[in-house]
Amino acid sequence: MDTSLLHKESVQSSYKCAILTISTSRFEKYGKADRPERAEDASGKLIWGMFQVQGSSVVHYELIPDNIDMIRESVKNCLYSEADIIISTGGTGLSPADVTIEAVSPFIEKDMPGFGELFRHKSIEQVGNSVMLTRAVAGVARGKVIFCLPGSPNAVKLALELILPEMGHVLKHVKGQ
């Protein structure tokens, strides 16, 4: 038996995901949408679809503006929900309106710097040196894993290709199994 695979045996294979799309322009146009199709949200729709394809479910979707208090309230609600994973998309750049990281950081109990490092490393192929503009991060709070991703569908797809194969292993550690 290949012992390098032992750490991934008997891990959870389906998860409950909460998706938070952070976009003031979409929020102003569509309001507090409860599905990505109702907000023309390509990144939210991509997250939803990729989780469903691998057998997981989305238990919450929310479209919110780049407002630190509203983001914090949504994250807080997700932390007390049935979700195993909270994924936000948008608001991770450097513009004054990008406040997702500032909103989420106070909830993080343990950082996962390896995610941001790996994501930026892999992103170089897509965006070159512009990779330094993203502040994508991950961490753990209240036994849930939080990923803050850029708003670009290409960035979301790449991030999920990194996240999904390891999610069972990550949750096994987070839940202390």
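Bear in mind that the values in this text are calculations on the coordinates, not laboratory data. These numbers come from a predicted model, not from an experiment. Heads up, the Cβs are rebuilt from the backbone with ideal geometry, glycines too, and the neighbour counts pull from every protein chain shown.
Quick notes on this one:
- Across all C-alpha atoms in the chain, the radius of gyration and Dmax reach 15.6, 55 Å.
- Equivalent-ellipsoid semi-axes of region 35-85, from the Cα gyration tensor, Å, largest first: 20, 16, 7
- Taking the C-alpha atoms only, the angle from helix 42-53 to the longest principal axis of the chain is near 30 degrees.
- Net dipole in debye of the chain [+1 Lys, Arg Cβ; -1 Asp, Glu Cβ; about Cα centre; nearest 20]: 180
- Charge-dipole axis of region 15-174 as Lys and Arg at +1 and Asp and Glu at -1 on Cβ define it, positive-most pick from Ala39, Gly128, Val58: Val58
- Taking label positions 7 Å along the Cα-Cβ direction at both Ser81 and Lys175, the computed distance is 1.8 nm, reported to one decimal.
- Of the cross-linked pairs Lys16/Lys157; Lys32/Lys76; Lys32/Lys175; Lys45/Lys122; Lys32/Lys172, those separated by over 24 Å at the C-alpha level are Lys32/Lys175; Lys32/Lys172.
- Top positive-direction residue, dipole computed over region 15-174 with Cβ charges, set Ala138, Leu162, Leu20: Leu162
- Folded to 0 to 90 degrees: helix 68-79 orientation relative to the chain principal axis, Cα: 30
- In this Cβ point-charge picture (+1 for Lys and Arg, -1 for Asp and Glu), region 16-99 has a dipole of about 120 debye about its Cα centre.
- In degrees, nearest ten, helix 113-127 long axis to first principal axis of the chain (Cα): 70
- Considering region 105-177, its Cα convex hull presents a mean projected area of 4.9 nm².
- Between Ser25 and Glu102, the simple label model (points 7 Å from Cα in the Cβ direction) yields a spacing of 2.1 nm.
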